[in-house]
Each structure stands twice: as structure tokens, then as C-alpha cells.
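What follows is a single structure, written as C-alpha cells, with notes after it.
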Amino acid sequence: MSDLTAMNQLGWRPFFQQQLSLEEWEYPAVRVIAQYRNRLECLGEAGKSVLDLLPGMPAITVGDWLLLTPEGAFCRLLDRFGLFRRKAAGTKVAEQLIAANVDTLFVVTSLNEDFNLSRIERYLSLANEAGAEPVVILSKEDLCADPESLRRDVQKLDPLLAVETVNCLDVDATQKLLPWCVDGRTVALMGSSGVGKSTLVNTLLGKPVQRTGSIREGDSKGRHITTGRSLHLIPTGGLLMDLPGIRELQLADCDEGVTTTFSDITAWSAQCRFADCRHGSEPGCAVQDAISRGDLDTRRLSSFQKLMREQAFNSATLAEKRARDKQFGKMIKDHLSDKKYRKR
Ligand SMILES: Nc1nc2c(ncn2[C@@H]2O[C@H](COP(=O)(O)OP(=O)(O)OP(=O)(O)O)[C@@H](O)[C@H]2O)c(=O)[nH]1
Ligand SMILES: [Mg+2]
Ligand SMILES: [Zn+2]
């Protein structure tokens, strides 16, 4: 790895370097910058390359670092310092990898019809679980009569949370986001369709690389213009990851993320008289006391309880499926080795 500066700009850091054996120091490492059905687009010291997804390869997603053999074939997937995943939308029982090795999550919500505090808490939980710093971006400030009052509502969720209002089409207005977009740091943009994620990517990039779309008349909903995931180097040295609009973000295996997001509620819970208090009508409930004092609103408590239940339920369903898959895999393996044995 001779050109370390170029690699650092792609997000390479000691965390990945430390995973290499001495021999592997000579192997090329590449970052996955786009994902298609059967192949990955990668970027490394030698420029862009395309890698076919073959059976037997682990689940890989945009943002991952891969080690290649000296011949340029897949060698192995490097450990991630963070991973965004969710339960696949709908009734399908499957886990979906969204993005890997993300430093900062821009949670993009528009200041018109899309604005919803409980949805923001959902994204914050995902970011906190993956160890990424969340930044709430309230877009379309030019279309909102009073952006500041909505900004204050979001700030009330957490006094330390970064919350910015922007017009994604305005270069000057987006400059305030640059501090997060430097030095090989990876920023992913997540949110509903039509909120302006790709528009923001284009403005920060200084050129229109991502297609953007108009929103539907009538319900202000987006049309799901972006369908793939992609990572872009921006002139200030950071990396922006554009993601498709999310219709339904179902959390799974997100206990810690939800607990961190609602640290106020978890702190009060610890003071309830009963250890298994459900914060309903139990006597000595410190959470209900906080509600009576006006320190907590009922919306936030229901949001917390809903996310906790949802992630627990989805984690259990996914764990069951993993166990079934494992059993099935073992059955096939036993069957095959049985056949081999009989052949001999
Ligand atoms: N007035 C105004 N329009 C915006 C702003 N941000 C985005 N738009 C417009 O909103 C529409 C949708 O923007 P996109 O960037 O395609 O939205 P997206 O979040 O990438 O949507 P998906 O790719 O479908 O997830 C486009 O017509 C943009 O021009 C903004 O801050 N102000
Ligand atoms: Mg888009
Ligand atoms: Zn309680």
C-alpha cells in the first residue's frame, strides 16, 4: 500500500490495516462504492474495478473493505467498525445489510409533510446501534414557513444532537454540513423517498451525478428515484453515500441503539419502584412522574415502547430463521457426506 493518502481519503485507517497479516500487506484492498444485482463496483489504489458476486462469498454491502488476491480476485471481507442493517420490508423474514463502515448518518427529513419525530427516533436508534454519529438534516427549509420551530422540536429529543435545516439546492446553505464531510470520513444519507438525499449529494459534490426526481402531486411522497447504493468522493475530502428512499424501516437487533436514543427514559426507569415496571399505572413509576412534571411527553414514551417491542420481536424472528437455516445447512452437509461415504 504505497499511496496511503489516497487510501486514507477512501476511508482506510489503522482499524483495517491491523487486520492484515504481514504477507497481506502486499495485497490490494478496495472499497465497495456501488452494488448491483450480481456485481460490486470497487475503488482502490489502482482505480475502479468490478467484482462479480459469486456463491460462497459473504454478504457484502456498500462501504465494505475487501482484500483482493494479487491477481485481483476476492480474498476476504475485512471486519467492519460499524454496520447498518434492518429487517427486510414486508412480511419476508430476512435481514438486509444497508451500509458498512459509516462514520456519520445524515437522517434526512423534509420540513413539509414528511416531518415526524417518532420516525426520526427510529433512525437515531439505527445510527446509535451502528456506532455512527447521527445528524438530523431538515431539508426544504425554503418551503417551510417556520423551520426554526420544527428544528427546536427535534432538538428537544436530545440537547446534544446535531440538527441542521437546509435547502438542498442551495450551495451556500449546505456549507454548514461540510465539517462532517472531510478527511476520508464516510457520511450516509438515509430517509424517506423525495426528501432530497440525492439533491444534497449533488450539491455537496458540485456536480449532478445522482438522478433526482420530482415528488408526486397530492401526497408529497417521493417516487423512489434512487434504486442503488453508491459512495462518492467529494472535493473537501469526505465520502457521501446515497441510499434509496426507505419506505418502512423495521428495526432488528437494536436493543442498545434504542436504549441509547432514549437514555432519558432508561435513566428514569431505573428509579421505578418495581424492576419490571411497564410504566403504566404501577405505583412509584418514575417515568409517569416525569410525564406529570412535563419532562417527558407520552408520544416519546409510546415511541420508545413501540421500538423496543418491534426490535425484540424482529430479532427473535430472525434468530429463529438463522437457527432453521443452520439446521437445514447441516442436514444438506450430512446428506452430502453420507453420499460421499457410501460412494467409497
Ligand atoms: N425546494 C426544494 N426542493 C428540494 C429540496 N431538496 C430536494 N428538493 C426537490 O425534491 C425532489 C426530490 O429530491 P431527490 O433528491 O430526488 O430526493 P431523494 O431523497 O433522493 O429521493 P429518492 O431517491 O426517491 O429516495 C427533487 O425535485 C428536488 O429538486 C430543497 O431543499 N428545497
Ligand atoms: Mg435519491
Ligand atoms: Zn415505571
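Computed over segment 47-116, the P(r) tail beyond 13 angstrom holds 75 percent of alpha carbon pairs.
Structure remark: mean-square fluctuation, Gaussian network model of the chain, C-alpha springs under 10 Å; the largest value among Gln311, Gln35, Gln271 belongs to Gln271. Please build a GNM for the chain, connecting alpha carbons under 10 Å apart, and tell me which residue among Cys42, Cys168, Cys272 fluctuates the most. Comparing Cys42, Cys168, Cys272 in a Gaussian network model of the chain, the most mobile one is Cys272. By definition, a body whose alpha carbon gyration tensor gives a ≥ b ≥ c is oblate when a/c is 1.5 or more and a/b is not larger than b/c, and the chain fits this oblate description.
Dipole size of segment 44-115 about its Cα centre, with +1 on Lys/Arg Cβ and -1 on Asp/Glu Cβ: approximately 260 debye, rounded to the nearest 20.
Among the cysteines of the chain, those whose beta-carbon sits 4.7 Å or more from every other cysteine beta-carbon are Cys42, Cys75, Cys144, Cys168, Cys181, Cys254, Cys285.
Projecting the Cα atoms of Leu111, Pro55, Cys144 onto the charge dipole of segment 1-153, computed from C-beta unit charges around the Cα centre, puts Pro55 farthest toward the positive end. Of all the options Asp172, Asp264, Asp276, the one that moves most in a Gaussian network model of the chain with Cα springs shorter than 10 angstrom is Asp276.
Would you mind telling me the antiparallel percentage of the DSSP bridges in the chain, rounded to 5? Intermediate results must be reported in sequence, preceding the final value.
Details: 29 of 48 bridges.
Counting DSSP beta bridges with both partners in the chain, the antiparallel share is about 60 percent.
For segment 98-253, evaluate the Debye formula with one uniform point scatterer on each Cα (no solvent term) and list log10 I(q)/I(0) at q = 0.15 Å⁻¹, rounded to two decimals. Normalising to I(0) and taking log10 leaves -0.73.
Add +1 for every Lys or Arg and -1 for every Asp or Glu among the other residues with Cβ under 14 Å from the Cβ of Trp12, and state the total.
Result for the neighbourhood of Trp12: -3.
Look at the alpha carbon pairs under 8 Å that are at least 6 residues apart: their mean separation over the length of segment 126-233 gives a relative contact order of 20 percent.
I need the fraction of alpha carbon pairs in segment 34-193 separated by more than 19 Å, rounded to a whole percent.
That fraction is 62 percent.
Accessible surface of segment 219-344, 1.4 Å probe: 53 percent of it comes from carbon and sulfur atoms.
Taking every alpha-carbon pair within segment 96-184, the share separated by more than 21 Å comes to 31 percent.
Taking the Cα centre of the chain as origin and charging only Cβ (+1 Lys, Arg; -1 Asp, Glu), how large is the dipole, in debye to the nearest 20? I would put it at about 1740 debye.
With contacts taken as Cα pairs under 8 Å at a separation of at least 6 residues, the chain carries a relative contact order of 15 percent.
Remark: C-alpha extents of segment 244-306 on the principal axes read 45, 22, 17 Å, sorted largest to smallest. Among the trypsin sites (Lys or Arg not before Pro) in segment 78-122, those placed in a DSSP loop whose Cβ has at most 10 other Cβ atoms within 10 Å are Lys92.
Here the dipole of segment 246-344 is about 1240 debye; that uses its Cα centre as origin and unit charges on the Cβ of Lys and Arg (positive) and Asp and Glu (negative).
In plain terms, the bigger the Kirkwood radius, the slower the diffusion; for segment 1-80, with that radius from Cα pairs, at 37 °C and 0.692 mPa s, Stokes-Einstein puts D at 258 µm²/s. Solvent exposure of the chain amounts to 53 Å² per residue of accessible area, where only protein heavy atoms count and the probe is 1.4 Å.
Per-residue ellipticity at 222 nm computed for the chain from its helices equals -10000 deg cm²/dmol, with DSSP H segments shorter than 4 residues left out and the rest contributing -39,500 (n - 2.57).
Shown for segment 1-152: the carbon plus sulfur share of the solvent-accessible area, taken with all protein chains present and a 1.4 angstrom probe, equals 51%. Quotient of the Cα radius of gyration of segment 127-176 and 2.2 N^0.38 Å, N being its number of residues: 1.23.
Answer with one residue from Val182, Gln210, Leu239: the one whose Cα lies farthest towards the positive end of the charge dipole of segment 147-292, charges on Cβ with Lys, Arg +1 and Asp, Glu -1. About the Cα centre, the residue reaching furthest to the positive side is Gln210. For the Cα trace of segment 182-317, dividing Rg by the Kirkwood Rh returns an Rg/Rh value of 1.12.
Treating segment 166-234 as a set of equal point scatterers at the Cα positions, no solvent, please give the Debye-formula log₁₀ I(q)/I(0) at q = 0.13, 0.17, 0.26 Å⁻¹. At q = 0.13, 0.17, 0.26 Å⁻¹ the computed log10 ratios are -0.38, -0.63, -1.32.
The values are calculated or read from the model by the stated rules, or taken from the named source; none is laboratory data. Model, not experiment: these values are computed from the prediction. A quick note on method: Cβ atoms are made from the backbone with ideal geometry, for glycine too, and the neighbour counts reach across all protein chains shown. For accessibility, only protein heavy atoms count, side chains too; no ligands or nucleic acids. Shrake-Rupley method; radii C 1.70, N 1.55, O 1.52, S 1.80 Å.
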